[in-house]
1. Report every pair of residues separated by at least 6 positions or lying on different chains whose Cβ atoms are under 6 Å apart, first residue within the range 170-181 and closer than 11 Å to Leu3 by Cα and of a type outside the set (A, V, I, L, M, F, W, C), second open to solvent by less than 50 Å² (accessible area, probe 1.4 Å) and not in a helix (DSSP H, G or I).
2. Take the residues in the range 1-22 that are hydrophobic (A, V, I, L, M, F, W, C) and not in a helix (DSSP H, G or I), then tell me which one is farthest from Ala91 (Cα to Cα).
3. Scanning the range 23-57 for residues that are closer than 19 Å to Val182 by Cβ and part of a loop (DSSP other than H, G, I, E, B), which turns out most open to solvent (accessible area, probe 1.4 Å)?
4. Exactly one condition in (1) closer than 19 Å to Phe70 by Cβ; (2) surrounded by fewer than 16 Cβ atoms within 10 Å (Cβ to Cβ); (3) of a type in the set (A, V, I, L, M, F, W, C) is not met by Ile206; state its number.
5. Within the range 209-236, how many residues turn out to be of a type in the set (S, T, N, Q) and crowded, with 16+ Cβ neighbours inside 10 Å?
6. From the list Ala175, Ala189, Ala193, Ala200, which one is under 17 Å from Ala134 (Cβ atoms), at pLDDT 95 or above and open to solvent by 20 Å² or more (accessible area, probe 1.4 Å)?
7. Pairs only if they're at least six apart or on different chains, beta carbon under 8 angstrom, first in the range 79-96 and under 15 Å from Pro29 (Cα atoms) and at pLDDT 95 or above, second in a loop (DSSP other than H, G, I, E, B) and open to solvent by 40 Å² or more (accessible area, probe 1.4 Å); list them, first residue then second.
Amino acid sequence: MSLARVTRAAVAELDRLRFSAPVACVYDPLDYAWPLHEQWLRRYGQGPKEVLLLGMNPGPFGMVQTGVPFGEIAAVRDFLGLRGDVRQPAAVHPKRPIEGLACKRAEVSGRRLWGWVRDRFGAPDAFAARFFVANYCPLAFLGESGANLTPDKLPKAETAPLFAVCDRLLRAVVAELRPQWVVGVGAFAEARARAVLGDAVRIGRIPHPSPASPAANRGWEKLADAAFAELGIAVP
């Protein structure tokens with residue numbers, strides 16, 4: 001089974017989930033941004049990989065717009081070389097319109113991660129020969145104000161069925177790519193990887209590049225280099 005088929009199966013499961021307050025709107029870019037996400041999978045997701053980098057869930061100006069994990073607009077368009085239309089989801093929050101590659105807002109986490117890839121590996125194919133990037137949870141959640149709600153902030157009664165789908169998707173991605181390492185981008189992703197995968201694969205963590213992190217704002221790239229070095233994962 002290919003990553004594309006694995007992903008489409010998860011989309012059908014995710015579509016059946018329902019969420020209550022504080023969630024006002026749910027975006028599934030694996031659905032409405034499928035043309036771009038499928039390009040990402042087929043071009044860069046051919047396994048096996050040495051390292052699976054695992055994020056938490058889509059950011060409002062990254063994957064929510066592009067369908068690519070940490071998908072900052074310029075990185076997806078100019079560095080990864082992906083193109084495609086993004087249709088409108090069934091429900092759109094008025095403060096978070098879906099504009100696809102025409103979005104003018106910057107996703108700082110994505111700009112930092114893909115900038116690090118560009119500076120260390122040079123070309124995306126060189127990175128993809130060893131690494132792949134995915135999110136544990138494919139859905140983005142918005143509150144009434146349009147604020148981003150991370151999965152760990154949802155009511156526990158709703159995270160149980162959500163995490164069950166996400167767990168199955170993670171196991172399926174690992175089965176397809178057969179990575180030596182699953183490296184969480186941040187503590188949440190590392191914790192979910194450990195809970196889901198156990199001893200089946202080596203698990204580690206690098207700091208999250210979010211601008212909400214004071215340490216990341218002082219030079220995330222060097223923090224990532226140091227974290228990979230401590231894990232024993234070579235980076236050019």
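The values are calculated or read from the model by the stated rules, or taken from the named source; none is laboratory data. These numbers come from a predicted model, not from an experiment. Cβ: placed from backbone, ideal geometry, glycine included. Neighbour counts: every protein chain shown. Quick note on the areas: whole protein, heavy atoms, side chains included, nothing else; ligands and nucleic acids left out. Shrake-Rupley method; radii C 1.70, N 1.55, O 1.52, S 1.80 Å.
1. If the second residue must be open to solvent by less than 50 Å² (accessible area, probe 1.4 Å) and not in a helix (DSSP H, G or I), the pairs left are Glu176/Gly47.
2. Restricting to residues being hydrophobic (A, V, I, L, M, F, W, C) and not in a helix (DSSP H, G or I), the top hit is Met1.
3. Gln46
4. With (1) closer than 19 Å to Phe70 by Cβ; (2) surrounded by fewer than 16 Cβ atoms within 10 Å (Cβ to Cβ); (3) of a type in the set (A, V, I, L, M, F, W, C) applied to Ile206, the lone miss is (2).
5. 1
6. The unique qualifying residue is Ala175.
7. Pairs that qualify, where the first residue is under 15 Å from Pro29 (Cα atoms) and at pLDDT 95 or above and the partner is in a loop (DSSP other than H, G, I, E, B) and open to solvent by 40 Å² or more (accessible area, probe 1.4 Å), are Val86/Glu99; His93/Ala24.
Results for (1) more than 13 Å from Val26 (Cα to Cα); (2) open to solvent by less than 20 Å² (accessible area, probe 1.4 Å); (3) at pLDDT below 95, shown as yes or no for each residue.
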residue	(1), (2), (3)
Gly110	yes, yes, no
Val117	yes, yes, no
Ala123	yes, no, no
Phe127	yes, yes, no
Phe132	yes, yes, no
Cys137	no, yes, no
Ala140	no, yes, no
Gly143	no, yes, no
